[in-house]
Structures are given as structure tokens and as C-alpha cells.
Amino acid sequence: RYYARLAAELLRLQQDVAVFAPLYRNQYLRDLPSHAIRGRRLGAFPPFTTGLIRALSAPLVRYGMSKWPAELVHETYFSMSGTAPRACPTVLTVFDMTHERIPGAFPDGDQTTLRKRCSVHRADHVICISEHTRRDLIELFQIPDSKATVVHLGVDIRPAEPERELNSARDTARPYLLFVGNRQTYKNFDRFIQAVAGSTSLRRDFEVAAFGGGAFTGREHAMIHSLGLGGNSVKQIGGDDAGLSRLLAGAAALVYPSLYEGFGLPPLEAMAVGCPVVSSNASCLPEVIGDAAEFFDPTDPSDIAEAIERVVYSPARSVALIELGRMRVGSFTWERCARQTLDIYRRSLS
């Protein structure tokens, strides 16, 4: 999504942009004009061909760029060797340092850090999507301060159609608290559920809707049941951006308990549709959210519960957070992201 939206905005700014993706599955590239894409979209890779297609991509991209030719290359992920033509400046975006800060959340033998380190040291300049990520990158990879610049992301989610907003909560029987995204270790879903289960009022008055992240695992079902939240009081719901927008519009609050983020889009997405935010005070979240949330210590379930209660049982606080959120999210646009990124390109070319 990031690279497709960035390319679209750069095209609107009259830049000559090409996305080199010989065979791709990225659905967001469908929103770009065909002349900006060097490659062919497949609905799915044929069985047992993913490794082969990945192995072929790099030489095909190098060949395509040599014929274009590129003046600057923005690499789209981490690799041991680059695809840019010789002497062509490169820019790289680093979204987070999760693999380095929380290595236990990933499989043994994961090579992401090795590839990332090679890519970062190879790049002429690195874009970080938050100041927190920038500081982590400089500390962990020992690069000069001058090599990394912060450019915040834009927000895509928009309010659902009014007549559909009225039905946004039909997946739940009672008012609900919304959790968005993956639920793996550092996302801290378990402590959020413990917080709800430990509050007599919250477990009585609210359900929990977990959007995205796939179906609950057996371990999650057992954890939810062990906390006495049986029945349908905690549900997993899938869907697209429109479905997320409707769920946000109907939620009593978005609760975002993550222990670590590179940026944290869901709180901003909630702000864009008028949903109050209750958030962890960890990593980059205060930087991105500003004063537009009720914050809590994500390691303390009782503090999480108390923060939620301060919002959902106070109409005045809820309305105030909605208004603060609407003002805050206006700063996070893809046009602004593209203009700041273009400034970095120009500096790298000078």
C-alpha cells in the first residue's frame, strides 16, 4: 500500500515514476495507471513457484531499470544485493525495528535483520516512518544521524457511507471495544483481554471485536475461556478497508495495547472515522497520536481497564477525544508524505 500510494502521489506531482515488479500479487498496484507499472499482475502464483519467481525478480528488475534508465531507485524491501544500476542513488524505507527489538517474536533463522542491515548500509539515504524508528535504527545499526530522515505515513481509511454506519455493529449484540491487526506477542492482545475480563463493568457492558489477524488459535480460545469470557463476547472479524471503517464507526473505542510499533496506523484510522482511541504509551505511539488518545501502561491490565473505563463511561471524554483525533489525523496525508519523500530524492541526487 505504501509504495503504491507514494507512486500515485508522485505521479500527481508530475514526476516520472515506474514500479518494477515483473510478476506481482500486490493488489494496490491496480490503482496505478498501467504506464507506471513494469510487470504483470497474477491473481496468485502457480503452486510451488514462489521461490522461483522471487529468484527471477532481481535480475529482471535490474535489466528493466537499465533500459529505462532510472535516475534514482527507491528499494521496496530488504535484500543482500541491490537492483539499482551502478552509480544510481538509492533510497530505502525502514518501517520498524521489531525484528531487532523483539527477536523472540520471529522464527529461528529469520534473515530479515541481516538483509535489512545490508540494505541500510548500501542505501544513500533511509526514510523512517517515525522518529522512534529512526532512533532505534541509528542506535542498532550504527549509522550517521544525517543518513536517516522521518517521513510519516498517510491515512487511507475514510468514514463509511452514513446508511451503512448504522449497521456497523451488527456483528456484535452489545456495544463493543475494537482491537485491530495481528495478535502476536508484542501486539499484546492477551493483556487487553485480561483487562476486560478483570473489569466487572467492562465484561458486563461490552463485547470485544478483533478485526483482522486471522481466526483465533486454539491457545487464544483457551485463554479467552479461562478468563470467563465465554459465549460470543470476544469475536474475530475479517474484512477490507470499508469493513474496518464501519467497525470503527460503531465501536465505543479502539483499544491499541501494542508494546512496540514503527508507526501505528490503526489509531489514526480510528481518528479518521470519529472513533475515540485508548492506546498504549509505548514506543512511537505518543509521537504519532499526540494528545488524541487516553494512554495506559501496556504491561498492566488494570491500567488498561481503567483507561478504557475513563473513556467509554464518560461521554464528555469520548467526544473530546473524537474532536482531538479529527484535528490530529489531518496532518497525515499521502500528499504530504510524497512531497517530503520527493525532497529526499532531490537531496540524494544533488
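Residues in region 114-145 that are touching a strand residue (DSSP E or B) at 6+ places or on another chain (Cβ under 7 Å), under 23 Å from residue 286 (Cβ atoms) and open to solvent by 50 Å² or more (accessible area, probe 1.4 Å): 1 in all.
State yes or no: is residue 56 more than 24 Å from residue 182 (Cβ to Cβ) and free of Cβ contacts under 8 Å to residues at least 60 places away in the same chain? It is true that residue 56 is more than 24 Å from residue 182 (Cβ to Cβ) and free of Cβ contacts under 8 Å to residues at least 60 places away in the same chain. Taking the conditions (1) at pLDDT 95 or above; (2) open to solvent by 90 Å² or more (accessible area, probe 1.4 Å); (3) touching a strand residue (DSSP E or B) at 6+ places or on another chain (Cβ under 9 Å) in turn, residue 6 satisfies each one other than (2).
Listed by first and then second residue, the pairs linking a residue in region 285-299 that is without any contact (Cβ under 8 Å) to a residue 40 or more places away in the chain to a residue that is in a loop (DSSP other than H, G, I, E, B) and not acidic (Asp, Glu), with Cβ atoms under 7 Å apart and 6 or more places separating them unless they lie on different chains, are 285/264; 295/281; 296/281; 297/281. For residue 153, indicate whether it is in a loop (DSSP other than H, G, I, E, B), modelled with pLDDT of 95 or more, surrounded by 20 or more Cβ atoms within 10 Å (Cβ to Cβ) and not small (Gly, Ala, Ser). Taking the combined requirement at face value, the residue satisfies it. Among the candidates 54, 86, the residue that is in a loop (DSSP other than H, G, I, E, B), modelled with pLDDT under 90 and open to solvent by 60 Å² or more (accessible area, probe 1.4 Å) is uniquely 86. Within region 38-50, residues that are of a type in the set (Gly, Ala, Ser) have Cβ atoms under 8 Å from residues that are outside any loop (DSSP other than H, G, I, E, B) and surrounded by 12 or more Cβ atoms within 10 Å (Cβ to Cβ) in these pairs: 39/19; 39/20; 39/21; 39/22; 39/23; 39/24, counting only partners at least 6 apart in sequence or on another chain.
Can you tell me which residue within region 61-75, out of those that are free of Cβ contacts under 8 Å to residues at least 40 places away in the same chain and assigned to a helix (DSSP H, G or I), is farthest from residue 94 (Cα to Cα)? Residue satisfying both the conditions and the ranking: 67. Here residue 236 fulfils each of the conditions (1) touching a strand residue (DSSP E or B) at 6+ places or on another chain (Cβ under 7 Å); (2) closer than 17 Å to residue 280 by Cβ apart from (2). Of all residues in region 293-350, those being more than 23 Å from residue 2 (Cβ to Cβ) and open to solvent by 70 Å² or more (accessible area, probe 1.4 Å) number 12.
The values are calculated or read from the model by the stated rules, or taken from the named source; none is laboratory data. The structure presented is a predicted model; accordingly, all values stated were derived computationally and were not measured. Cβ atoms come from the backbone with ideal geometry, glycine included; neighbour counts cover every protein chain shown. Ligands, DNA and RNA are stripped out before the accessible areas are found, and what is left, the full protein with its side chains, is counted by its heavy atoms. Shrake-Rupley method; radii C 1.70, N 1.55, O 1.52, S 1.80 Å.
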